[in-house]
1. Within the range 194-213, track down each residue that is under 21 Å from the mean Cα position of the chain (by Cα) and modelled with pLDDT under 95.
2. Would you check which residues across the range 157-174 are farther than 18 Å from Cys121 by Cβ and of a type in the set (Ser, Thr, Tyr) and list them?
3. Tell me, please, whether a residue that is among the charged types (D, E, K, R), more than 17 Å from Ala108 (Cα to Cα) and over 17 Å from the mean Cα position of the chain (by Cα) can be found in the range 61-70.
4. Might you let me know whether the range 100-117 holds any residue that is assigned to a loop (DSSP other than H, G, I, E, B) and surrounded by 15 or more Cβ atoms within 10 Å (Cβ to Cβ)?
5. Looking at the range 21-45 only, could you name the residues that are aliphatic (A, V, I, L, M) and either over 19 Å from Leu231 (Cα atoms) or within 16 Å of the chain's Cα centre (by Cα) (or both)?
6. Just checking: which of the strands (runs of 3 or more DSSP E) contained wholly in the range 1-89 hold 2 or more residues that are buried (at least 24 other Cβ atoms within 10 Å of the Cβ)?
7. Can you confirm whether the range 225-234 contains a residue that is loosely packed, with under 15 Cβ neighbours inside 10 Å and either under 30 Å from Arg23 (Cβ atoms) or in contact with a helix residue (DSSP H, G or I) (Cβ under 7 Å, 6 or more places away or on another chain) (or both)?
8. Would you please list the contacts, defined by Cβ atoms under 8 Å and residues six or more apart or on different chains, that run from a residue in the range 122-135 that is part of a strand (DSSP E or B) to a residue that is modelled with pLDDT under 95 and surrounded by fewer than 24 Cβ atoms within 10 Å (Cβ to Cβ)?
Amino acid sequence: MRVLVTGCAGFIGSHCCEALLRRGDVVVGIDCFDPFYERALKTRNLDVVRSVAAERFTFIEGDLLDGTSLDRAFAIGPVDRVLHLAAKVGVRPSIAQPAAYVRHNIEATTHVLAAMSAHKCDHLVFASSSSVYGDDSVAPYREDARADAPMSPYAASKRACELMCRTWHALYGTHVWGLRLFTVYGPRQRPEMAFHRFATHMARGEAVPMFGDGASSRDYTFVGDVVAGVLTAVDRVDGFRVINIGGDREIALRDAIELLGGALGVTPTIAVHPSAAGDVRRTTADLTLAGALLGYAPAVTLEAGLAEFAAWFWQHGVR
């Protein structure tokens, strides 16, 4: 199968490309090296991908908004599936730059859908986010829970992408599954994400900044579990669905920091800050639908996943 992967040089994208190549697929990847974090880190991710099967991986550096990158990708050969992972990420940065999130998430996703229609490709899996639920949803979140009160422009942009995909399915019959990912972590995690950022502070002997009282909770999901769910979705996508992809359990922020410190062999100190705008108090996934459609069940405990992350961090993490 030939799979077009947008955002292929990123954290989740590089892991998905690696897994697709390992099972024998042909991968065409697109990435624009958005300067949100260092290009060198994404280049290193691509080196890992190429080391698996360079002969079955084609990379295109380009922006989904430029009108040509997608056409170049489809011109390489017939595409069986599109895995759309490219996005402008981050809840707090989206508050400062809302228009950029509209452009690089909603508009870019629309370009992907239009290019698929033009090139007769009708199966898409894309990365949505648990942030679409907001504080008005009842946890643990089911896919049919309310998702009409986003707490940040990032969350709103991801919900808008879901709706645009739903429209494309209604108009053109495009098969789309949107995977609502819950706080993904693991090796190659982006440097601004919580565990990587916390680990950097611990490695420097600095206090870990904790926003709020530490009682806010998350459903942390190991990247290997996410990849397993994504690849099954790529194989099975049919109709239109949004599907939760979550972790092994919900855990409070303060407890997660302590577990990370244990994995790193560091006793963390914590600096408490006021709660940040846009953050939700709780995210936890109901995985019933993921189990039924994907056979999905998280296989990696938070303790085991943090041990893998810590081993990677001491070798490669930004310090």
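1. Result: Ala194, single match.
2. Ser157, the sole residue that qualifies.
3. Scanning the range 61-70, I find no residue that is among the charged types (D, E, K, R), more than 17 Å from Ala108 (Cα to Cα) and over 17 Å from the mean Cα position of the chain (by Cα), so the answer is no.
4. No: the range 100-117 contains no residue that is assigned to a loop (DSSP other than H, G, I, E, B) and surrounded by 15 or more Cβ atoms within 10 Å (Cβ to Cβ).
5. Result: Ile30, Ala40, Leu41.
6. 2-6, 26-31, 81-84
7. Checked the range 225-234: no residue is loosely packed, with under 15 Cβ neighbours inside 10 Å and either under 30 Å from Arg23 (Cβ atoms) or in contact with a helix residue (DSSP H, G or I) (Cβ under 7 Å, 6 or more places away or on another chain) (or both).
8. From residues that are part of a strand (DSSP E or B), there are no pairs.
The values are calculated or read from the model by the stated rules, or taken from the named source; none is laboratory data. Owing to the predicted nature of the structure, the values given are computational and were not obtained by experimental measurement. We place every Cβ from the backbone using ideal geometry, glycine too, and count neighbours over all the protein chains shown.
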